[in-house]
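For reference, the structure is listed below as structure tokens.
The values are calculated or read from the model by the stated rules, or taken from the named source; none is laboratory data. Only a predicted model underlies this, so the values are computations on that prediction, with no experimental measurement involved. Don't worry about glycine lacking a Cβ; one is built from the backbone with ideal geometry, like all the others, and counts go over all protein chains shown. Remember, those area values only see protein heavy atoms, side chains included, never the ligands or the DNA or RNA. Shrake-Rupley method; radii C 1.70, N 1.55, O 1.52, S 1.80 Å.
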Amino acid sequence: WQMESPVSRFNASTSTDWQSMPVEVIELARLAQKIAHDTDGALDITIASCIDLWGFGAQEQHRNPPEPIAIEKAREACGWHLLDVREAPPALRKKHPLTRINLSSVAEGWALERLALSLEAAGEHDFLLELGGEVLARGHAADGNPWLVGVQTPDAPEGEAMQAMRLNDASLATSGTYRQRFEHDGKSYAHVLDPHTGRPVEHALRSVSVSHTSAAMADGYATALLVLGPVRGREVAARLRLNVFWVE
């Protein structure tokens, strides 16, 4: 969220011309666009305006739902089709001058992969990494077995797992509605927004965990499937042949 970072400068700009970006940002944007395509736009990195409007962004949070007219106004600048990605030379282009991006839905998984590459380059081949609830496993644990990780029980004390899984050269990412949320007039509003409505999801899913060889893909797909919900999410997961653990 540093003001002079490439992403912050892109978000602050109202230009609809190509803007030069680091190759790392292009990798993240390209990955997010693929998942958006695969999931009918359920993952959308251009909903930064809606995220901030609901108080789940980097600025000071408020605890009141925004007015419907404000949501619709923010949605005008949202939509993954409003973002063009160019690899050579690396650049992004917005089709709406107020479009802004938020890469949080894929950044943690992507960062895990870069950390793993650094460790492997240093000669380490057996390790378990965790970042923001996403995990990446390489090799095996000290006892020679695959790494054992747990899926958090919603609303339970942190660390209490409802399901244990063995990971061997794989990643597990979880997206849930039970941590970052606020209550207003007896109703709970989660931080996971549906790009099609600009509002928090309201279905019965509490969390979605995706196991994948790519931590970044697991991260993005977990968010997308949570947005899609228990019915459409399962249909998309089956089509994409994803390994998913659902909690309702």
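Take every Cα pair under 8 Å whose residues are at least 6 apart in sequence, average their separation, divide by the length of the chain, and the relative contact order is 19 percent.
Using 28 Å as the Cα-Cα cut-off, could you pick out the over-long pairs in 95/187; 34/94; 34/95? Over 28 Å Cα-Cα: 95/187. The dipole here belongs to the chain: it is taken about the Cα centre, uses +1 on the Cβ of Lys and Arg and -1 on the Cβ of Asp and Glu, and is about 680 debye.
Surface composition of region 205-248: carbon and sulfur atoms hold 50% of the protein heavy-atom accessible area at a 1.4 Å probe. Per-atom-type breakdown for region 1-140 gives carbon and sulfur 55% of the accessible area (1.4 Å probe, protein chains only).
For residue 95, the solvent-accessible surface computed with a 1.4 Å probe is close to 120 Å², ligands and nucleic acids excluded. Spacing of the modelled spin labels on residue 40 and residue 14, each 7 Å from Cα toward Cβ, amounts to 3.6 nm. Using a simple spin-label model with pseudo-atoms 7 Å out from Cα toward Cβ, residue 184 and residue 2 lie 3.4 nm apart.
Could you tell me what a quarter of the Cα convex hull surface of region 1-142 works out to, in nm² with one decimal place? Can you show the working numbers first?
On the way: hull surface 43.7 nm².
Hull-based average projected area comes out at 10.9 nm².
Computed on region 28-120, with alpha-carbon pairs under 8 angstrom and 6+ residues apart, the relative contact order is 32 percent. Descending by average beta-carbon neighbour count within 10 Å, the peptides 177-185, 165-173 line up as 165-173, 177-185, the highest first.
In loop segments of region 1-41 as defined by DSSP, the chymotrypsin sites (Phe, Trp or Tyr not before Pro) with at most 14 further C-beta atoms inside 10 Å of their C-beta are 1, 18. Only Lys, Arg, Asp and Glu carry charge here, each on its Cβ (+1 for the first two, -1 for the last two); on that basis region 18-85 has a dipole of about 40 debye about its Cα centre.
For the chain, the solvent-accessible area works out to 50 Å² per residue, with a probe of 1.4 Å and every protein chain left in place.
Loop-located GluC sites (Glu not before Pro) in region 77-181 (DSSP state not H, G, I, E or B) with no more than 14 neighbouring Cβ atoms inside 10 Å: 124, 158, 160.
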